[in-house]
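Participant: First, the structure itself, so that you have it in front of you.
The values are calculated or read from the model by the stated rules, or taken from the named source; none is laboratory data. The structure displayed is predicted, hence computed values, not measured ones. As a convention, Cβ positions derive from the backbone with ideal geometry for all residues, glycine included, and neighbour counts pool all protein chains shown. Side chains are part of the model used for accessible areas, which takes the heavy atoms of the whole protein and leaves out ligands, DNA and RNA. Shrake-Rupley method; radii C 1.70, N 1.55, O 1.52, S 1.80 Å.
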Amino acid sequence: MFTLATWNINSVRLREGLVARLLKEEAPDVLCLQECKSPVDKIPTEMFSQLGYHHMVARGQKGYNGVAILSRLPITDAGERDYAKLGHARHVAARMENGVVIHNMYIPAGGDVPDREVNEKFGQKLDFVSEMRDVFHADKPARSIMVGDFNIAPREDDVWSHKKLLKIVSHTPIEVEHLLAAQDAGDWVDVTRKDIPEGQLYSWWSYRARDWDAADKGRRLDHIWATGDIANAAHGSRILRDARGWEKPSDHAPVFASFDL
């Protein structure tokens, strides 16, 4: 069995201490980070290594994007794909010794206006997710886990107000449609919702709210998916809401799941 967590850290160098706290207190076997905002050689691997995380597979760039997979268990680099040809470090994959492949994804946020005619970033987001769908159609994933900041809250109870967010980027019908098509193409199971099928569930709260906890205007943007052949091995999903209240936090909370594999 292993436990996996995914967290948009919003700068791994700025929040090195928070990553260390998570690794010490929660001790997942594998931690997937997004928005590392660092070239790979500047990621603070020494500190992770001291905590027992001797393995890392990552892709980075200066100041933006960036994805890393830290592990206590041996992993090997399984490559990356430049989705939508953006030239961004938004995907990396690692293979575990049991053959399971972990994909760490950071889907573009998509800007503020949900219209590709006036907002290029929204078009890039849709193209990115469409390419995910096409890749999964062409090469059906198996024994795979895909996690990350997908920047889309698909269900009505994945946001604080379905009605108020229908025209807000991250919950628009076209984004949800694209994400569900990608999910369907790869026979992916939303592990978090398999384990927690009912009720409001969030992993992100805006920095703009004066009291994020009291306002609780959250969205579930961070996901753990598994292919149908191994999804039943997943259990114990949770979102570590408390981490959003740590000092100088990321605006995302870590999402966890365990796998009997």
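Participant: From the list D190, D184, exactly one residue is loosely packed, with under 13 Cβ neighbours inside 10 Å and within 16 Å of M146 (Cα to Cα). Which is it?
Facilitator: The match here is D184.
Condition check ((1) touching a Lys or Arg at 6+ places or on another chain (Cβ under 7 Å); (2) within 25 Å of G111 (Cβ to Cβ)) across all residues:
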site	(1), (2)
L179	no, yes
Q183	no, yes
W188	no, no
W205	yes, yes
R210	no, yes
A215	no, yes
G218	no, yes
L221	no, yes
W225	no, yes
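Participant: Keeping to region 96-125, report how many residues are assigned to a helix (DSSP H, G or I) and either open to solvent by less than 10 Å² (accessible area, probe 1.4 Å) or out of contact with any helix residue (DSSP H, G or I) (no Cβ under 9 Å at 6 or more places or on another chain) (or both).
Facilitator: Total satisfying the criteria: 5.
Participant: Considering D211, D195, which residue is surrounded by fewer than 17 Cβ atoms within 10 Å (Cβ to Cβ) and touching a residue at least 60 places away in the same chain (Cβ under 8 Å)?
Facilitator: Sole residue among the options that is surrounded by fewer than 17 Cβ atoms within 10 Å (Cβ to Cβ) and touching a residue at least 60 places away in the same chain (Cβ under 8 Å): D195.
Participant: So V255 ticks every box in (1) at pLDDT 95 or above; (2) more than 20 Å from I107 (Cβ to Cβ) but one. Which box is left unticked?
Facilitator: The one condition V255 does not meet is (2).
Participant: Modelled with pLDDT of 95 or more, of a type outside the set (V, I, T) and more than 19 Å from the chain's Cα centre (by Cα): is that true of P173 in this structure?
Facilitator: yes
Participant: Then there is this: Residues of region 25-39 being over 16 Å from F2 (Cβ atoms) and under 18 Å from the mean Cα position of the chain (by Cα), which ones?
Facilitator: L33, Q34, E35, C36, K37, S38
Participant: Consider region 79-99. How many of its residues are of a type outside the set (G, A, S) and within 14 Å of Q124 (Cα to Cα)?
Facilitator: So the count comes out to 6.
Participant: Which pairs have Cβ atoms under 9 Å, sit 6 or more apart or on different chains, and link a residue in region 244-259 that is surrounded by fewer than 21 Cβ atoms within 10 Å (Cβ to Cβ) to one that is part of a strand (DSSP E or B) and at pLDDT below 95?
Facilitator: Close Cβ pairs (under 9 Å, with a partner that is part of a strand (DSSP E or B) and at pLDDT below 95) do not exist here.
Participant: Tell me, which residue of region 23-80 that is under 18 Å from P249 (Cα atoms) and part of a helix (DSSP H, G or I) is most open to solvent (accessible area, probe 1.4 Å)?
Facilitator: K24
Participant: Sticking with this structure for a sec: Please state which of the following conditions F136 fails to meet, knowing it meets all the rest: (1) open to solvent by 30 Å² or more (accessible area, probe 1.4 Å); (2) over 22 Å from I168 (Cα atoms).
Facilitator: It fails just one condition, (1).
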